[in-house]
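Undergrad: Please see the structure below; I have some questions.
The values are calculated or read from the model by the stated rules, or taken from the named source; none is laboratory data. On a predicted model such as this, the values are computed, not experimentally measured, just so you know. Here the Cβ positions follow ideal geometry from the backbone for every residue, glycine too, while neighbour counts run over all protein chains shown.
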Amino acid sequence: MIESLPIIFFVVILFLLMTGFPVAFTLGGASVVFGLFIFGIDFFNLLPLRVWGIMNNYILMAVPLFIFMGVMFEKSGLAEELLETMALLFGKHNGGLAFSVLVVGAMLAAATGIVGATVVTMGILTLPTMLKRGYDERVAAGIISASGTLGQIIPPSIVLVLLGSVLNISVGDLFIAALIPGLILVFLYFLWIGSLALFKPKLVPAMPAEELIQFTGKAKAQKVINAFLIPFFLILVVLGSIFAGIASPTEAAAIGAMGATMLTIFRKKFSLVTLKEVMKDTMTLTSMAFIILVGASAFGLVFRGMGGDRYLTELATTSSLEPHHFLAIVMVIIFIAGFFIDFIEIIFIIVPVVMPIFIHLNVDLLWVGILIAINLQTSFLTPPFGFALFFLKGVAPDSVSTKHIYAGAVPFIIIQIIGLLLIVLFPQIALWLPKLLSN
């Protein structure tokens with residue numbers, strides 16, 4: 001009976017989550033009940049120390065700072081100008097609007113790291129335009145949803161910050177390791193759009209010539225400089241300071257928050273009302289993540305107190321599982337879990353459970369972290385609960401149905417699985433750059 005307690009505990013947690021109870025209170029509440037049963041009243045001496053340790057975690061300070069940076073960048077209005085400029089640059093080609101959405105999605109990912117903000121912004125600004133220009137509803141919805149999720153793998157990413165904290169590895173190394181896989185995903189998206197433009201041009205038509213005629217000469221150069229170089233400089237400062245070893249991720253996040261604020265002031269979009277809105281959004285998103293983290297901390301304390309990590313390690317050892325077999329099982333579990341629960345829940349519930357087994361099997365946690373991050377990115381696109389799909393549906397015109405959005409996401413889910421398999425088969429895609437920069 002005692003040996004089966006960790007499994008019972010884990011199943012109870014999953015059952016409560018599936019019934020719709022709030023995640024933080026499910027994790028915290030169930031953990032307190034089981035903790036009292038296992039540890040007695042001493043549990044209330046252990047839990048505050050665990051929570052205090054999390055709140056003192058210097059790495060996690062990067063989370064509110066990156067959120068602040070992303071929300072403030074959105075308020076600056078640069079996203080709108082960037083989308084307009086890229087559409088005019090690529091618009092004369094079939095698939096040009098789709099290419100522009102992808103480029104902007106990648107840049108916003110690096111500038112914000114917030115999926116909801118990116119998808120909503122691009123959905124409002126580009127979806128009506130793409131439909132007006134004759135784009136297929138499925139293609140338009142798919143590229144916007146997929147581009148918006150790039151913030152989960154392209155650094156600086158909140159997912160990577162949280163994974164670094166849970167896996168107890170350097171967030172800076174995770175940022176460096178994620179760069180090439182993120183760019184590979186962008187390249188694979190480009191190939192898909194290019195194939196549509198080549199073989200099914202009616203789905204992704206070019207913009208009318210009369211709309212492009214004024215976008216020439218000095219006006220063109222000025223638009224490109226204002227819209228492209230300014231956000232690129234902010235991204236370069238934030239990531240460059242981390243990669244060069246000048247600043248830690250937390251310090252770089254502070255630089256990014258200040259830089260986004262200065263951009264908003266420079267563009268005359270800053271006001272006390274704007275600052276209040278940014279601070280409110282930052283507090284809301286940060287509180288949501290951290291209260292789940294507190295509940296997850298209670299879960300981890302109880303699960304390990306029951307010997308759950310030892311039980312699973314022994315189970316993997318006695319079953320003679322090879323490392324790649326166990327990795328495959330974990331990736332499938334995370335992929336399926338992504339259909340139903342949020343990435344934060346997966347990071348704080350599943351990852352701490354499997355981490356000791358990866359350590360026991362001598363699997364590189366940096367590589368595992370990147371694989372999990374890409375897998376979690378896919379969860380934003382998988383029906384029925386893909387959050388990017390929900391965000392887009394909330395701002396989409398009535399002509400774009402949920403069926404269109406789901407169908408549009410399918411090719412990009414397949415592309416992300418291909419990207420995941422590439423990194424499984426060729427780990428150096430993720431590990432080469434960190435090793436190079438560490439020498």
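Undergrad: Tally time: how many residues in region 255-299 are more than 30 Å from PHE25 (Cα to Cα) and of a type outside the set (A, V, I, L, M)?
TA: The qualifying residues number 11.
Undergrad: Quick one: which of LEU431, LEU422, LEU371 is at pLDDT 90 or above, within 14 Å of the chain's Cα centre (by Cα) and in a helix (DSSP H, G or I)?
TA: LEU371
Undergrad: Still on this structure: Looking at region 248-306 only, could you name the residues that are under 26 Å from TRP52 (Cβ atoms) and not in a helix (DSSP H, G or I)?
TA: SER248, MET306
Undergrad: What are the residues in region 196-209 that are surrounded by 13 or more Cβ atoms within 10 Å (Cβ to Cβ) and part of a helix (DSSP H, G or I), if any?
TA: LEU196, ALA197, PRO201, LEU203
Undergrad: Just checking, how many residues over region 384-403 are assigned to a loop (DSSP other than H, G, I, E, B) and either surrounded by 16 or more Cβ atoms within 10 Å (Cβ to Cβ) or within 14 Å of the chain's Cα centre (by Cα) (or both)?
TA: 3
Undergrad: I'm checking my understanding of the structure. Among residues of region 374-410 that are more than 14 Å from ILE144 (Cα to Cα) and charged (D, E, K, R), which one is modelled with the highest pLDDT?
TA: This residue is LYS403.
Undergrad: Give the number of residues within region 336-345 that are assigned to a helix (DSSP H, G or I) and crowded, with 19+ Cβ neighbours inside 10 Å.
TA: So the count comes out to 4.
Undergrad: Inspect all residues belonging to region 346-366 and state whether any of them is over 30 Å from GLY35 (Cβ atoms), modelled with pLDDT of 80 or more, out of contact with any Lys or Arg (no Cβ under 8 Å at 6 or more places or on another chain) and assigned to a helix (DSSP H, G or I).
TA: There is at least one residue in region 346-366 that is over 30 Å from GLY35 (Cβ atoms), modelled with pLDDT of 80 or more, out of contact with any Lys or Arg (no Cβ under 8 Å at 6 or more places or on another chain) and assigned to a helix (DSSP H, G or I).
Undergrad: Consider PRO155 against the criteria (1) more than 16 Å from the chain's Cα centre (by Cα); (2) in a loop (DSSP other than H, G, I, E, B); (3) buried (at least 23 other Cβ atoms within 10 Å of the Cβ): it satisfies all of them except one. Which criterion is unmet?
TA: Result: PRO155 passes all but (1).
Undergrad: Pick out the one residue from PHE34, PHE10, PHE21, PHE44 that is modelled with pLDDT under 80 and surrounded by 17 or more Cβ atoms within 10 Å (Cβ to Cβ).
TA: Answer to the selection: PHE10.
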